[in-house]
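Data first, discussion second: the structure below is written as structure tokens.
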Amino acid sequence: MIYWHIFIAFFIPGIVGYGGGPASIPLVENEVVGRFKWLTVNEFSEMLAMANALPGPIATKMAGYIGYQQAGILGASVGVFATVAPSLILMIALLSLLNKYKGSPRVKLMTSLIRPAIAVLLGVMAYQFFQTSYVSTGTLHTILLIVLSFVLLEKVKVHPAFVIAGSLLYGAVFLG
């Protein structure tokens, strides 16, 4: 029964918490403090502070922590799944709907209009990464990593995961 309660405690905020993790914090607090009484208000605020200090989405961190606290690893898994399940269900439903009408001229138009926007967003993100790298590591390291990554990816055909791992190792050894 505890697994069902964990699922409900995080599935409901996932459905009605429009706006992502920060919007679902009061909803999760209502479930785990008010309804199920797994934490006190003070314990919840401490857990929230700890979760905010870690990288990643706040809702899944809360679900993992509280689920683990209540029912171990399986409880953490149930909590995290319940948190992402509403988005997952909606994505699957929308994808199947999109797949059903993929031959439609309207869907083709929509897809053709979305691609440039995604390309621009990726370009802006790449520029911001470049700018951050340039400011924090300097010109020499930035140019070296760009050229070396390009050669490894395009000429030598090394898998991107290895190039990323190598760049991280380079940063840890030479810039850390």
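Close Cβ contacts (under 8 Å, 6 or more residues apart or on different chains) running from residues in region 1-27 that are farther than 16 Å from residue 39 by Cα and among the hydroxyl-bearing types (Ser, Thr, Tyr) to residues that are open to solvent by 60 Å² or more (accessible area, probe 1.4 Å) and at pLDDT 90 or above comprise 3/74.
Open to solvent by less than 70 Å² (accessible area, probe 1.4 Å) and out of contact with any strand residue (DSSP E or B) (no Cβ under 7 Å at 6 or more places or on another chain): does that describe residue 137? Yes; evaluated as a whole, the condition is true for this residue.
If we scan region 49-70, do we find a residue that is exposed (fewer than 11 other Cβ atoms within 10 Å of the Cβ), part of a helix (DSSP H, G or I) and among the β-branched types (Val, Ile, Thr)? Checked region 49-70: no residue is exposed (fewer than 11 other Cβ atoms within 10 Å of the Cβ), part of a helix (DSSP H, G or I) and among the β-branched types (Val, Ile, Thr).
Scanning region 136-176 for residues that are more than 17 Å from residue 126 (Cα to Cα) and in contact (Cβ under 8 Å) with a residue 12 or more places away in the chain yields 152, 166, 170, 171, 174, 175. Looking across region 1-40 at every residue that is among the polar types (S, T, N, Q) and part of a helix (DSSP H, G or I), the one that is nearest to residue 79 (Cα to Cα) is identified as 24.
The set of residues in region 101-111 being assigned to a helix (DSSP H, G or I) and either of a type in the set (Asp, Glu) or at pLDDT below 85 (or both) consists of 107, 108, 110, 111.
The values are calculated or read from the model by the stated rules, or taken from the named source; none is laboratory data. This structure is a prediction, so every number in the text was calculated from the model and none was measured. In this analysis, Cβ positions are derived from the backbone assuming ideal geometry, glycine residues included, and neighbour counts consider all displayed protein chains. Accessible surface is based on the protein model in full, side chains and every heavy atom, while ligands, DNA and RNA are left aside. Shrake-Rupley method; radii C 1.70, N 1.55, O 1.52, S 1.80 Å.
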